[in-house]
Amino acid sequence: MMAETQSLEQFKGQARLPKFAVPKRYDLFLKPDLDACKFTGTVEITVDVVGDTRFLVLNAADLTVGNESIWFKGHGSSEKLFPTKITTVEIDELLVLLFSDVLPHGEGSLWIEFDGILNDRMKGFCRSAYKHNGENKNMAVTQFEPADARRCFPCWDEPAFKAAFKIILEVPSDHVALSNMPVTKEEVNGNVKKLFYQESPIMSTYLVAVVVGLFDFVEVSTTDGINVRVYCQVGKSNQGKFALDVAVKTLDLYKEYFAVPYPLPKLDMIAIPDFAAGAMENYGLVTYRETVLLYDERHSAAANKQSVATVVGHELAHMWFGNLVTMEWWTHLWLNEGFATWVSYLAADSLFPEWKIWTQFLDDTVSGLRLDALAESHPIEVDINHANEIDEIFDAISYLKGASLIRMLQCFLGVECFQKSLASYVKRYAFSNAKTEDLWDVLEEGSGEPVKMLMNSWTKQKGYPVVHVTLRDEKLELEQSHFLASGSAGAGEWIVPITLCCGSYATTKKFLLETKLELINVSQLFDSSVTNTGEKAGFFWIKLNVDQTGFYRVKYNGELETGIKYAIENNKLSATDRFGILDDSFALCMASKQNLSSLLSLMTAYRQEPEHTVISHLISVSYKVVSMIADASPEFSDGIKQFVIRLLQHSAERLGWDPKEGESHLDAKLRGEVLSALARFGHSATLDEALKRFDAFLNDRDTSLLPPDTRYAAYVAVMRGVDKTNKYGYDSLLKIYRETDLSQQEQTRILRCLASSPDPDIVSEALNFVLSSEVRNQDAVYGIAGISREGREVAWKWLKEKWEYISKTWTGFLITRFVSNIVSPFSSDEKADEIEEFFASRVTPAISRNLKQSLERVRINANWVRSIRNEDSLDAVIKELAQKY
Ligand code: BES
Ligand code: ZN
């Protein structure tokens with residue numbers, strides 16, 4: 001574009017900023033006023049003008065910029081050029097500066113003065129409230145990802161515009177002020193001080209960070225001399241020690257794995273009391289919700305401990321994957337999030353092998369599979385045409401399908417080859433940006449395999465296949481089709497990395513299924529399986545997707561289905577395979593591709609199941625089955641509950657209520673899950689014991705009466721109000737909530753239960769409480785997570801009534817939770833229509849995809865309910881199962 005033909009209109013409504021001028025360095029000064037919740041700032045941006053232009057076009061939003069306070073000095077000149085016209089394009093969050101002449105090529109300098117508000121929306125430059133010595137205080141915190149640096153200072157706010165940052169802060173002299181880099185100079189002047197930070201290496205704007213407040217910290221240095229600190233509210237520093245230890249070990253591990261050292265001189269991690277996401281990987285200054293950074297002996301459960309370790313592992317993985325090598329555009333967000341998720345499991349596995357974290361990884365894979373089975377899913381690589389579309393793709397597709405595909409590819413290419421190629425990728429693109437295909441190229445070079453062709457079929461189209469396996473004489477027929485939870489036929493086709501074993505794990509076959517249908521000669525495998533196991537033909541079994549490392553489902557036909565159940569019952573299969581078979585069967589059943597009786601009959605094969613993650617999945621499957629039956633045929637409800645209670649009996653007896661000396665992390669974690677399931681299914685002995693323990697705990701808060709791992713189960717039980725007035729549970733939990741301001745983990749635990757009462761009036765009261773000033777906006781998501789079946793209608797009515805307020809108060813992914821949690825549990829087409837009608841005039845880009853997905857879920861539930869009603873002799877089957885098992 002020639003400078004003469006440029007016009008303002010051309011810059012509007014574009015996905016990306018023009019590239020005729022690119023930032024190289026920001027000298028940023030910020031002065032927050034924590035009492036007035038305002039800030040002022042200046043920025044001097046070194047800009048390289050590389051094309052002919054009279055315009056400079058950058059991002060700014062919610063900032064006031066004065067007319068006289070902007071000027072540009074062209075390359076090699078000290079003359080200040082003032083723009084002849086300054087335009088802010090609100091909808092596109094642009095600041096457009098027009099100069100009277102074409103700007104000289106080369107590096108010039110752009111000066112802008114601005115001010116803004118420390119907002120309470122948890123994005124941009126915001127405030128977070130805390131108590132210090134009983135006094136209410138505000139801290140100032142930044143949260144810039146994906147596109148909110150522009151709310152703090154004018155900038156080229158896209159990941160590919162990497163630049164160096166030199167930051168200066170002016171803050172109260174008794175406060176701690178942190179940024180990405182260490183302080184090099186401090187000037188104290190009475191009540192205020194000026195802190196000068198070292199210049200950063202080049203990085204993207206979304207990773208810039210500042211935190212100002214009163215904090216304590218704990219610290220350790222790595223073997224390379226990198227100072228690592230965990231900051232938290234004054235008085236809580238002991239709770240930072242676990243995360244600190246994990247961080248130091250993880251940094252060492254990643255340095256080895258990526259074969260590149262951590263590139264900054266320090267790493268700070270800090271707990272922020274009001275925080276929209278779970279954690280944020282700002283370069284050198286990672287911010288966290290308190291619940292995923294702090295570990296408190298009295299209130300933290302094994303599950304909390306595990307979250308701290310995996311979240312720290314995830315954020316630190318970004319220091320390489322994301323911060324050092326950054327996605328070129330948000331279309332490639334999954335490179336950041338999918339990788340960080342996957343890498344965090346590598347770290348957890350190395351630090352805590354007893355957690356069997358790769359088995360637990362299947363929970364993530366399943367969440368990816370669930371979302372991606374919707375027609376309203378999206379491809380991993382998704383077009384982003386406006387900043388307001390970015391928030392919605394921080395979802396299970398980018399994170400969990402992403403992580404699962406990486407695992408699938410790693411297993412296909414081999415662990416060593418994969419690591420070496422990743423290390424070359426990081427080296428090649430360090431301090432730069434990369435696209436998905438750049439990664440495939442490096443992996444293709446490293447492995448000699450057709451990685452790009454294989455992976456394009458997984459990242460450029462949505463969905464995944466179900467592979468139908470049938471035995472035809474001595475051959476195995478494999479046929480793939482696009483799996484949709486609605487049961488409809490999708491149009492996708494994939495290149496599927498198949499693994500299969502037959503009769504034993506000793507011989508595994510591995511190949512690519514490249515067409516819709518293939519016949520495989522497996523007679524060789526049969527022979528070896530019979531000799532290996534010494535078993536008679538007729539009891540052979542074949543397992544596809546060995547260890548569940550592939551992102552697809554399998555449907556076994558005919559005798560293969562019988563064989564698989566036999567293999568589970570006779571302990572032939574690994575925990576991961578047992579998990580996979582259960583989940584595939586569940587998904588096929590939901591899609592009406594299999595009847596409920598056969599799923600229930602398969603579930604009986606798990607009654608002696610020893611493995612934490614498999615039992616935990618059996619519980620999730622049971623929740624859904626119980627709830628669908630309650631909608632389809634309530635007369636079977638009691639029977640099905642008896643059945644699932646009996647399935648859990650074995651584990652319940654083994655684990656009991658009290659922690660055993662020296663027991664494993666997984667037993668501690670499982671105890672809570674099993675007991676809360678029994679409480680939810682109404683198991684009377686569990687309810688009685690829970691209430692007894694709860695009463696004692698309520699009186700003196702002695703945590704040994706109700707250790708953190710079983711506390712949630714007791715809270716679930718007490719909310720059912722058995723033997724007490726309905727309100728007893730709610731009122732007592734609220735009392736604990738109000739008296740527990742020292743632990744957000746404990747408060748979260750309570751919030752997750754408050755709306756689980758079977759009494760709709762209490763649900764209604766709980767939901768209103770969630771909107772009160774006693775619940776931080778960040779925590780509302782928990783309050784609406786555990787709504788009881790009986791409270792569904794009340795919750796929907798509440799959402800409609802409060803929608804105006806809710807949609808003003810919550811944005812981004814937080815608002816989507818209100819929609820999905822309240823809408824998805826319904827199971828009738830009429831309800832879906834009603835919800836659709838309500839939102840017709842209210843839908844915004846921020847919720848649009850999520851709403852469609854939630855409505856699709858309701859219609860899928862409705863389908864399932866219909867098939868259950870139509871299923872022959874389900875009555876007899878449930879009766880038999882309830883008695884027999
Ligand atoms: N980069 C994200 C944080 C983020 C999420 C920023 C959404 C902006 C929008 C961070 O690395 C992350 O993924 N956090 C997770 C926790 C993680 C362990 C799964 C989160 O916030 O849930
Ligand atoms: Zn992340």
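The values are calculated or read from the model by the stated rules, or taken from the named source; none is laboratory data. Everything numeric in this text was worked out from a predicted model, so none of it was measured. Neighbour counts run over all protein chains shown; Cβ positions are idealised from the backbone, glycine included.
Worth a mention:
- Total residues in the range 323-337 satisfying the condition of being of a type in the set (A, V, I, L, M, F, W, C), more than 9 Å from Ser398 (Cα to Cα) and within 12 Å of ligand 1 (Cβ to nearest atom): the figure is 2.
- Checking Leu264 against (1) in a helix (DSSP H, G or I); (2) surrounded by fewer than 24 Cβ atoms within 10 Å (Cβ to Cβ); (3) more than 10 Å from ligand 1 (Cβ to nearest atom); (4) of a type outside the set (Lys, Arg), the condition it does not meet: (1)
- Thr748 being part of a helix (DSSP H, G or I) and either closer than 30 Å to Phe643 by Cα or among the acidic types (Asp, Glu) (or both): no
- Wholly enclosed helices (runs of 4 or more DSSP H) of the range 592-677 bearing at least 3 residues out of contact with any Asp or Glu (no Cβ under 6 Å at 6 or more places or on another chain) and of a type in the set (Val, Ile, Thr): 612-632, 637-655
- Filtered residue count, the range 592-641, keeping only those that are surrounded by fewer than 18 Cβ atoms within 10 Å (Cβ to Cβ) and of a type in the set (Phe, Trp, Tyr): 1
- Of the criteria (1) touching a strand residue (DSSP E or B) at 6+ places or on another chain (Cβ under 9 Å); (2) within 16 Å of ligand 1 (Cβ to nearest atom); (3) over 25 Å from Phe72 (Cβ atoms), which one Ala149 fails: (3)
- Only residues that are closer than 16 Å to Ala340 by Cβ and either assigned to a strand (DSSP E or B) or away from ligand 2 (no atom under 12 Å from the Cβ) (or both) were counted across the range 268-283, and they come to 4.
- Any hit, the range 279-294, residues being at pLDDT 95 or above, surrounded by fewer than 22 Cβ atoms within 10 Å (Cβ to Cβ), within 13 Å of ligand 1 (Cβ to nearest atom) and not aliphatic (A, V, I, L, M): no
- Within the range 338-351, being touching a Lys or Arg at 6+ places or on another chain (Cβ under 9 Å) and within 16 Å of ligand 1 (Cβ to nearest atom) holds for Gly338, Trp342, Tyr345, Ala347, Asp349, Leu351.
- Counted residues, the range 399-437 - those being surrounded by fewer than 20 Cβ atoms within 10 Å (Cβ to Cβ), touching a residue at least 60 places away in the same chain (Cβ under 8 Å), of a type in the set (D, E, K, R) and out of contact with any strand residue (DSSP E or B) (no Cβ under 8 Å at 6 or more places or on another chain): 1
- Segments classed as strands (runs of 3 or more DSSP E), wholly inside the range 45-94, with at least 1 members that are of a type outside the set (Ser, Thr, Tyr) and surrounded by fewer than 14 Cβ atoms within 10 Å (Cβ to Cβ): 64-73, 85-89
- In summary, Thr816 fulfils each of the numbered conditions (1) within 24 Å of Ile397 (Cα to Cα); (2) polar (S, T, N, Q); (3) more than 23 Å from the chain's Cα centre (by Cα) with the single exception of condition (3).
- Residue count for the range 312-352, restricted to those that are farther than 19 Å from Gly368 by Cβ, within 11 Å of ligand 2 (Cβ to nearest atom) and among the acidic types (Asp, Glu): 1.
- Pair list, Cβ under 7 Å, 6 or more apart: the range 276-291 residue under 21 Å from Pro182 (Cβ atoms), other residue among the basic types (Lys, Arg) and more than 9 Å from ligand 1 (Cβ to nearest atom): Gly284/Lys266
- With respect to (1) closer than 30 Å to Ala491 by Cβ; (2) surrounded by fewer than 21 Cβ atoms within 10 Å (Cβ to Cβ); (3) within 12 Å of ligand 1 (Cβ to nearest atom); (4) not aromatic (Phe, Trp, Tyr), the lone exception for Asp391 is condition (2).
- Conditions (1) outside any loop (DSSP other than H, G, I, E, B); (2) closer than 22 Å to Phe161 by Cα: number failed by Asn323: (1)
A quick yes/no check of all residues on (1) among the polar types (S, T, N, Q); (2) within 28 Å of Ala846 (Cα to Cα):
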| residue | (1), (2) |
| --- | --- |
| Arg738 | no, no |
| Thr748 | yes, yes |
| Phe769 | no, yes |
| Val775 | no, yes |
| Ile787 | no, yes |
| Phe813 | no, yes |
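- For Phe826, the conditions (1) under 30 Å from Gln642 (Cα atoms); (2) aromatic (Phe, Trp, Tyr); (3) surrounded by fewer than 20 Cβ atoms within 10 Å (Cβ to Cβ); (4) at pLDDT 95 or above are fulfilled apart from (3).
- Residues of the range 303-326 that turn out to be farther than 17 Å from Ala247 by Cα, crowded, with 22+ Cβ neighbours inside 10 Å and not β-branched (Val, Ile, Thr), as a count: 2
- Wholly within the range 102-204, strands (runs of 3 or more DSSP E) carrying at least 3 residues that are of a type in the set (Val, Ile, Thr): 164-172, 183-189
- On inspection, Ile397 qualifies as closer than 24 Å to Leu588 by Cβ, at pLDDT 95 or above and within 15 Å of ligand 1 (Cβ to nearest atom).
- Boolean, Glu315 is at pLDDT below 95, in a helix (DSSP H, G or I), under 30 Å from Asp92 (Cα atoms) and among the acidic types (Asp, Glu): no
- Of the residues making up the range 105-143, just one is out of contact with any Asp or Glu (no Cβ under 6 Å at 6 or more places or on another chain), of a type in the set (Ser, Thr, Tyr) and over 21 Å from Leu95 (Cα atoms), namely Tyr130.
- Qualifying residue in the range 860-880 (condition: under 25 Å from the mean Cα position of the chain (by Cα) and touching a residue at least 12 places away in the same chain (Cβ under 8 Å)): yes
- In the range 358-370, of all residues being in contact (Cβ under 8 Å) with a residue 40 or more places away in the chain and within 15 Å of ligand 1 (Cβ to nearest atom), the one that is surrounded by the fewest Cβ atoms within 10 Å (Cβ to Cβ) corresponds to Asp363.
- Residue count, the range 780-805 (criterion: part of a helix (DSSP H, G or I) and within 22 Å of the chain's Cα centre (by Cα)): 4
- Yes/no for Tyr288 being within 16 Å of ligand 2 (Cβ to nearest atom) and at negative phi: yes
- Those residues of the range 495-505 which are crowded, with 21+ Cβ neighbours inside 10 Å and either without any contact (Cβ under 8 Å) to a residue 12 or more places away in the chain or of a type in the set (A, V, I, L, M, F, W, C) (or both), in sequence order: Val496, Ile498, Leu500, Cys501, Cys502
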